[in-house]
Amino acid sequence: MTTTSETPAPARGRLLVVGAHSADFVWRAAGAVAKFVKAGGEAKVVALTYGERGESGELWKQEGQTEENVKRIRHGEAERASAHLGATFEAFDLGDYPLVNDHADIERLAGLMRDFAPTVVLTHPDTDPFNPDHPVAYQMVQKARLMTSGAGVESGFRTAPPSEFLVFEPHQPELCGFVPSVFVDITEVFEQKKAAMAEMKAQAYLQSYYAERAEHRGNHARKVTGTKEIRQAEAFMRLVPNVVGSL
Ligand SMILES: [Zn+2]
């Protein structure tokens, strides 16, 4: 029986995941990243910050802790987590809570997109009433993506072909305007996702939460497809239409 887990990624596809903080990609898209690589694609993870101040709770319980040390630990965690998934990791280290950016940061991200030429871009939704940085990451990615693809006409800057553009599932989807339009069956790579999550010791409390979320989304994906083999899934929302040759 054919399952969605056998659906290959586009040939030579390149997936770019941009998170505000260095662990965001693990909770929300680790399975999709592993699946993409397994299907022959290339994946790159970019963290705009390490989440050193706002999302490294466990590390700040240690006496004498410093921002520099937290960043060093978080870099190692994200690198090892990316390796579990077959992705490369790059940190911009722009500073978190709040994440602020200027023209040069957008140019840096656009330059990375022009060089990597992603076929799929993944980031946070544009709204999050509980997080000061996630919507800023969305705005940066949105702007850089448009500066990469241009307006569909000749441009006064170097361009790359337009990518698919999706957002990953936020912590409280209903409050972030997130309605899933894509489920990725991550059953066959779920152990890789768990291994990646286990690297994020600064946020150990999220590991069981996102393992449960994957089970719930697996249930939803089973209902949509009738495919009983799906155990775990991740949810995404498309921001631009999916163009196909026929329905
Ligand atoms: Zn975050």
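Every read-out reported here was derived from the displayed coordinates using simple, explicitly stated rules and does not represent laboratory data. The shown structure was predicted, so the numbers you read here are calculated from the model rather than taken from an experiment. Backbone-built Cβ (ideal geometry, glycine too); neighbour counts: all protein chains shown.
Quick notes on this structure:
- Qualifying chymotrypsin sites (Phe, Trp or Tyr not before Pro) in the stretch 66-166, where qualification requires a DSSP coil assignment and no more than 16 other C-beta atoms within 10 Å, comprise F130, F157.
- When you filter the trypsin sites (Lys or Arg not before Pro) in the stretch 188-228 for DSSP loop state and at most 15 other Cβ atoms inside 10 Å of their Cβ, you are left with K228.
- Length added when fully stretched, Y209-N69, from 0.36 nm per residue minus Cα-Cα: 47.7 nm
- Rounded Å value of the spacing that divides the Cα centres of the stretch 230-247 and the stretch 197-215: 24 Å
- Number of Lys pairs (Cα under 23 Å; 8 or more positions apart or on different chains) in the chain: 22
- Within the listed set E42, E154, E52, the residue fluctuating most in the Gaussian network model of the chain (springs between alpha-carbon atoms under 10 angstrom) is E154.
- For the stretch 11-238, alpha-carbon Rg and Dmax in angstrom: 17.0, 56
- A simple packing score, the average count of other Cβ atoms within 10 Å per residue, orders the peptides 105-115, 14-24 as 14-24, 105-115, with the highest score first.
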